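Only one structure is covered here, and it is reproduced in the block below.
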Amino acid sequence: MPVKSQFFVFEGIDGSGKTTVSKRVSEILNEKLFPNVWHREPTDSVFGKKIREFLQGKIKLTQEEQLKLFLQDRELSVQDIILPTLKNGKSIVQDRYYFSTAAYQGRDEEHAADILYMNEDKGFPEPNHVYFLDLSPEEALERRNTRGGKQEVFDESSEQTRIYQNYLAILPESTIFVDATADLEEVVHFCVEDILKSLSV
Ligand code: TMP
């Protein structure tokens, strides 16, 4: 029997497999009758759409402008999706949350920590569990090159190294580090089993 709705967040650098893994985890949990909603940030709000234009290099934004947009997008995400879903008794399996803002928009580790506090001060709900799909920036780059697709603004190897280091500095101590070099099904299985432990009595 499910204990209560919980908020699960998946984080990782680009190419770590977070989206595929979190979607699959969400599907399996629903099949096992643990009702949940898969959700992602940035969302499809007006702010999220502007963010996507920036990510694709169509518009330029300073780090401060990026931060503002991600926070505006998160306000809607929390108000319209996260809180109502949890209130309705469903869990959330989410691809990226405020740890991404700290890691990506943080110039360095200190700035990343400030951004994390800024998000917490806004009263955004704290996730119950955070899974970090751990892959080195070099391996992630190799995967992105193999996968192909359009270049995005954070694709530079030096950017991914900064982001990875920021993550290591700001992720909560309780974060579950998942070896993202493992086989996809193995990664999914590990996360599902871990989530089931916290959702079952
Ligand atoms: P994704 O859809 O592949 O996860 O891409 C979203 C991109 O946006 C990814 O490069 C990370 C970046 N991002 C930030 O820079 N700040 C944030 O707060 C979030 C949620 C994402």
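Please check: in the Gaussian network model of the chain (C-alpha springs, under 10 Å), which one of Gly48, Gly89, Gly106 has the largest mean-square fluctuation.
Of the options given, Gly89 has the highest mean-square fluctuation.
Along the positive direction of the dipole of the chain (beta-carbon charges: Lys, Arg +1; Asp, Glu -1; about the Cα centre), which of Gln6, Tyr98, Ile82 reaches farthest?
The residue sitting most towards the positive pole is Ile82.
Using only the alpha-carbon atoms, how far is helix 63-76 inclined from the longest principal axis of the chain? Give it as 0 to 90 degrees, nearest 10.
It works out to around 20 degrees.
Using the Karplus curve 6.51 cos²θ - 1.76 cosθ + 1.60 with θ = phi - 60°, work out ³J(HN,Hα) for each residue of the stretch 30-45 in order, rounded to whole Hz, and write x for Gly and Pro.
For the stretch 30-45, the Karplus curve yields 5, 4, 8, 6, 10, x, 8, 10, 7, 9, 9, 10, x, 8, 9, 5 Hz.
Can you send over the carbon and sulfur percentage of the accessible area for the chain, probe radius 1.4 Å, protein chains only?
Carbon with sulfur: 50 percent of the solvent-accessible area.
Counting helices only, and only those DSSP H runs with n ≥ 4, report the 222 nm mean residue ellipticity of the chain as the sum of -39,500 (n - 2.57) divided by its residues, in deg cm²/dmol to the nearest 500.
Result for the chain, helices only: -16000 deg cm²/dmol.
With a cap of 16 neighbouring Cβ atoms within 10 Å, and only residues DSSP puts in a loop, list the chymotrypsin sites (Phe, Trp or Tyr not before Pro) found in the stretch 140-201.
Loop-located and lightly packed - Phe154.
Taking all protein chains together and a probe of 1.4 Å, list Ile59, Ile92 from the most accessible to the least accessible.
Ile59, Ile92
Need the C-alpha centroid separation for the stretch 118-164 versus the stretch 178-201, integer Å.
19 Å
Out of the GluC sites (Glu not before Pro) in the stretch 145-201, which ones are loop residues according to DSSP with at most 16 other C-beta atoms within 10 Å?
Glu152, Glu156, Glu173
Calculate how steeply helix 109-121 sits against the longest principal axis of the alpha-carbon atoms of the chain, using the helix alpha-carbon long axis, and give the answer as 0 to 90 degrees to the nearest 10.
Roughly 50 degrees, rounded to the nearest 10.
Using a 10 angstrom cutoff on alpha carbons, build the Gaussian network for the chain and name the most mobile of Pro137, Pro125, Pro42.
Highest fluctuation among the options: Pro125.
Taking only protein heavy atoms and a 1.4 Å probe, what accessible area per residue, in Å², does the chain have with all protein chains in place?
Heavy-atom accessible area per residue stands at 52 Å².
What does the charge add up to near Leu171, with Lys and Arg as +1, Asp and Glu as -1, over the other residues with Cβ less than 11 Å from its Cβ?
Result for the neighbourhood of Leu171: -3.
Read phi for every residue in the stretch 158-170 and hand back ³J(HN,Hα) as whole Hz from Karplus 6.51 cos²θ - 1.76 cosθ + 1.60, θ = phi - 60°, with x for Gly and Pro.
Each residue's phi maps through the Karplus curve to give 5, 5, 5, 5, 4, 5, 4, 5, 4, 4, 4, 7, 10 Hz.
With axes computed from alpha carbons, what is the tilt in degrees of helix 46-55 against the longest principal axis of the chain, rounded to the nearest 10 within 0 to 90?
The answer is roughly 50 degrees.
Suppose every K and R has +1 on its Cβ and every D and E has -1 on its Cβ; what is the size of the dipole of the stretch 7-199 about the Cα centre, in Debye to the nearest 20?
The calculation lands at about 820 debye.
Which trypsin sites (Lys or Arg not before Pro) does the stretch 74-103 hold that lie in a coil by DSSP with at most 13 other beta carbons within 10 Å?
none
For Arg40, what residues show an amide H to amide H distance below 5 Å, using hydrogens built from the backbone and excluding near sequence neighbours?
The answer is Asp95.
The values are calculated or read from the model by the stated rules, or taken from the named source; none is laboratory data. Bear in mind the structure is a predicted one, so any value in this text is a computation, not a measurement. Cβ: placed from backbone, ideal geometry, glycine included. Neighbour counts: every protein chain shown. These accessible areas exclude ligands, DNA and RNA; they are computed on the full protein's heavy atoms, side chains included. Shrake-Rupley method; radii C 1.70, N 1.55, O 1.52, S 1.80 Å.
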